[in-house]
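Peer 1: Okay, handing you the structure first.
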Amino acid sequence: MKFIKNTDGKRDTADVELIARYKSSGDLEILGTLYSRYMHLVYGVCLNYFKDEEASKDAVMQIFEELIPKLRIHEVQNFKSWLHVLTRNHCLMAMRKSSRYQTVSIEDQFVENDTFVHLDISDVQEQQFTVMEKCMETLSEEQRQSVDLFYLQEKCYKEVAEITGYEMLKVKSYIQNGKRNLKICIEKNSGE
């Protein structure tokens, strides 16, 4: 595939060193060198979510554009893991946005027996999940990412710090504050 080249064999400068050089200079060529090492992985993750080559190629370019400001403000120790999380979040947000505007025919959604639709999930549980999902979107990016990794993906503090590139104390703070903000939001919106 001409779109993506795997340059793993040409890795002579460590990721951390390239990140430091990019942060100090702002040189997009340095960032491009770093990104090109993992572009094939980013494309693979996008293709897994979107199931469409063109949408995945577009996402690869959008993620590179996201890197320009984000990499300058985040402390990243493991670029590959951090980039994977950034890619996954980008894909999920893009899918969430596109599903908001999707129109569906009533015939496509018609089911004679609604037990197939809900399976074992009650309406109350479904509503709670919707409220929680809505409230997760109100958290800051750092809190949302940390809470998601810690509670939903069951990662430990150390793993969250490695994946996000945040310092351990920051991770603990983001999780604690995110949990509190999430609880407040859920309590506020549960009565709706």
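The values are calculated or read from the model by the stated rules, or taken from the named source; none is laboratory data. Computed from a prediction, not measured in an experiment: that's the story for all the values here. As a convention, Cβ positions derive from the backbone with ideal geometry for all residues, glycine included, and neighbour counts pool all protein chains shown. Only protein heavy atoms, including side chains, enter the accessible area calculation; ligands, DNA and RNA are left aside. Shrake-Rupley method; radii C 1.70, N 1.55, O 1.52, S 1.80 Å.
Peer 1: When the solvent-accessible surface of protein heavy atoms is calculated with a 1.4 angstrom probe, in what order do LYS80, LYS57 fall, highest first? Don't skip to the end; give the middle numbers.
Peer 2: On the way: LYS80 110, LYS57 45 Å².
Largest to smallest exposure gives the sequence LYS80, LYS57.
Peer 1: Next question, about the same structure. Rounded to the nearest 0.05, what FRET efficiency do GLU137 and THR13 have when you use their Cβ-Cβ distance and R0 = 45 Å?
Peer 2: Efficiency at R0 = 45 Å is approximately 0.75.
Peer 1: Ok, one more. Of LYS70/LYS155; LYS23/LYS170; LYS51/LYS158, which pairs sit farther than 25 Å apart, going by alpha carbon to alpha carbon? Spell out each step's value before the answer.
Peer 2: Working: LYS70/LYS155 22 Å; LYS23/LYS170 20 Å; LYS51/LYS158 32 Å.
Beyond 25 Å between Cα atoms: LYS51/LYS158.
Peer 1: Filter the GluC sites (Glu not before Pro) in region 33-86 to those in DSSP coil with at most 14 other Cβ atoms within 10 Å of their Cβ, and list the result.
Peer 2: Numbers: sites: GLU53, GLU54, GLU65, GLU66, GLU75; in loops: GLU75.
Loop-located and lightly packed - GLU75.
Peer 1: Let me ask you something else. Leaving ligands, DNA and RNA out of it, work out the accessible area of MET39 with a 1.4 Å probe and give it in Å² to the nearest 10.
Peer 2: Approximately 40 Å² for this residue.
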